[in-house]
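Student: Here you go, one structure.
The values are calculated or read from the model by the stated rules, or taken from the named source; none is laboratory data. Remember, predicted model here, so these are calculated numbers, not experimental data. Neighbour counts run over all protein chains shown; Cβ positions are idealised from the backbone, glycine included. For the accessible areas, the whole protein counts, side chains as well, though only heavy atoms, and no ligand, DNA or RNA atoms are used. Shrake-Rupley method; radii C 1.70, N 1.55, O 1.52, S 1.80 Å.
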Amino acid sequence: MNTWSLIALLGLALTACSDDTVDVSPKLVNTYARVVTLRSTIADTTEAQMAVRKTLQDSGYSVESFEAELRSYGTDPRRMRALYDSVSKRLE
């Protein structure tokens with residue numbers, strides 16, 4: 001299972017837990033929602049990876065800084081849940 005699948009699975013599990021309100025980065029929410037959309041709509045792995053990198057760059061992230069910010073949310077279940085709730089709403 002790849003990293004993005006694990007993150008998505010964790011997000012689904014966390015969003016089912018509670019409705020706590022925690023501030024999340026709008027930049028991260030918007031970027032992650034775009035990444036999820038790209039990963040789910042582009043079948044070719046190389047093409048999807050290039051599109052994701054372009055999206056991250058356009059949003060002011062490097063791959064490393066994006067992943068680091070995501071990991072920082074993972075240290076607090078309430079923040080992670082709030083992030084995934086926000087991304088979920090953005091994708092609706």
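Student: In the range 40-61, how many are open to solvent by 50 Å² or more (accessible area, probe 1.4 Å) and assigned to a loop (DSSP other than H, G, I, E, B)?
Tutor: Qualifying residue count, the range 40-61: 3.
Student: Identify the residue in the range 64-92 that is open to solvent by 40 Å² or more (accessible area, probe 1.4 Å) and hydrophobic (A, V, I, L, M, F, W, C) and, among all such residues, is nearest to Val29 (Cα to Cα).
Tutor: It comes out as Leu91.
Student: Can you confirm whether Leu9 is loosely packed, with under 13 Cβ neighbours inside 10 Å and modelled with pLDDT under 85? Can you show your working first?
Tutor: On the way: loosely packed, with under 13 Cβ neighbours inside 10 Å: yes; modelled with pLDDT under 85: yes.
When the stated conditions are applied, Leu9 passes them.
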